[in-house]
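Below is one structure; the comments refer to it alone.
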Amino acid sequence: MIFEQLNACDCKTYLVASEQTKEAMLVDPLFERADAYVDELKKRGLTLKYVLDTHVHADHTSGAAVLKQRTGATYVMHKASVTGCVDQHIDEGDKLTLGEVPVSFLHTPGHSQDSVTVLLPDRLL
């Protein structure tokens with residue numbers, strides 16, 4: 001599994017990808033860094049399969065919609081999200097895959113009603 005934090009600022013974006021299939025997911029991407037994310041994916045030979053916001057963000061503008069538009073990735077958020085351009089709503093226990101990498105979710109409302117925790121094979125986001 002490829003796992004990397006992409007932002008040096010307070011708002012963190014994570015890259016998760018399969019080393020075998022080169023399928024990738026960006027978690028909580030920033031709007032102003034969308035071009036840099038696309039460049040990084042190309043540089044690494046990765047295909048963006050999913051873009052996920054763990055909740056509706058008040059502290060930054062999400063880059064998910066623009067990344068969806070530029071790459072054809074599926075935009076994923078919890079079913080309680082009020083964001084209009086989401087392609088796939090997930091709930092606790094739902095699973096996605098990036099090649100051999102399983103990704104599942106816990107609904108963890110509190111910060112917002114649509115907050116999710118992402119469960120990866122060896123870490124939580």
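The values are calculated or read from the model by the stated rules, or taken from the named source; none is laboratory data. Keep in mind it's a predicted model, so treat the numbers as computed, not measured. Glycine also receives a Cβ, built like all others from the backbone with ideal geometry; neighbour counts cover every protein chain displayed. Please note that ligands, DNA and RNA were not included when accessible areas were found on the heavy atoms of the full protein model with its side chains. Shrake-Rupley method; radii C 1.70, N 1.55, O 1.52, S 1.80 Å.
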Legend entry - In Å², nearest 10: area of ARG70 left accessible to a 1.4 Å probe: 130 Å²
Legend entry - the chain - share of DSSP beta bridges that are antiparallel (%, nearest 5): 65 percent
Legend entry - Label-point separation, GLN113 to CYS9 (7 Å along Cα→Cβ), nm: 2.8 nm
Inset, instruction - Could you count how many Lys pairs in the chain have their Cα atoms under 17 Å apart, skipping same-chain pairs fewer than 8 positions apart? - result: 7
Inset, instruction - For every helix of n ≥ 4 consecutive DSSP H residues, a contribution of -39,500 (n - 2.57) applies; sum these over the chain, divide by its total residues, and give [θ] at 222 nm rounded to the nearest 500 deg cm²/dmol. - result: -4500 deg cm²/dmol
Inset, instruction - From largest accessible area down, sort HIS111, HIS89, HIS55; use a 1.4 Å probe on the protein chains. - result: HIS111, HIS89, HIS55
Inset, instruction - Whenever you get a sec, compute what percent of the accessible area on the chain sits on carbon and sulfur atoms (1.4 Å probe). - result: 49 percent
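Any idea what the relative contact order of the chain is, in percent, if you count C-alpha pairs under 8 Å spaced at least 6 apart?
19 percent
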Legend entry - FRET efficiency estimate (nearest 0.05) - Cβ-Cβ, LYS43 to HIS89, R0 35 angstrom: 0.65
Legend entry - Per residue accessible area of the chain, 1.4 Å probe, in Å²: 50 Å²
Legend entry - In the stretch 24-112, the GluC sites (Glu not before Pro) that fall in loop regions by DSSP, at most 16 other Cβ within 10 Å: GLU92, GLU100
Inset, instruction - For the stretch 82-96, just list the computed ³J(HN,Hα) in residue order, Karplus coefficients 6.51, -1.76 and 1.60, θ = phi - 60°, integers in Hz, with x standing in for Gly and Pro. - result: 9, 5, x, 9, 6, 8, 9, 8, 10, 9, 3, x, 5, 10, 10
Inset, instruction - Step through the residues of the stretch 12-29 one at a time and calculate ³J(HN,Hα) from phi using the Karplus curve (6.51 cos²θ - 1.76 cosθ + 1.60, θ = phi - 60°), rounding each to whole Hz and writing x for Gly and Pro. - result: 8, 10, 10, 9, 10, 8, 8, 5, 7, 9, 6, 7, 10, 9, 10, 10, 6, x
Inset, instruction - Pull up all non-local amide H partners of LEU30: gap of 5 or more, or a different chain, and H-to-H distance under 5 Å with H placed in the peptide plane. - result: GLY63
Legend entry - Solvent accessible area, Å² - SER104, 1.4 Å probe, full protein context: 30 Å²
Inset, instruction - Scan [x] 13.7, 40; [y] 18.8, 56; [z] 13.2, 37 for the value of Rg and Dmax of the Cα atoms in Å calculated from this model and give just the label. - result: [z]
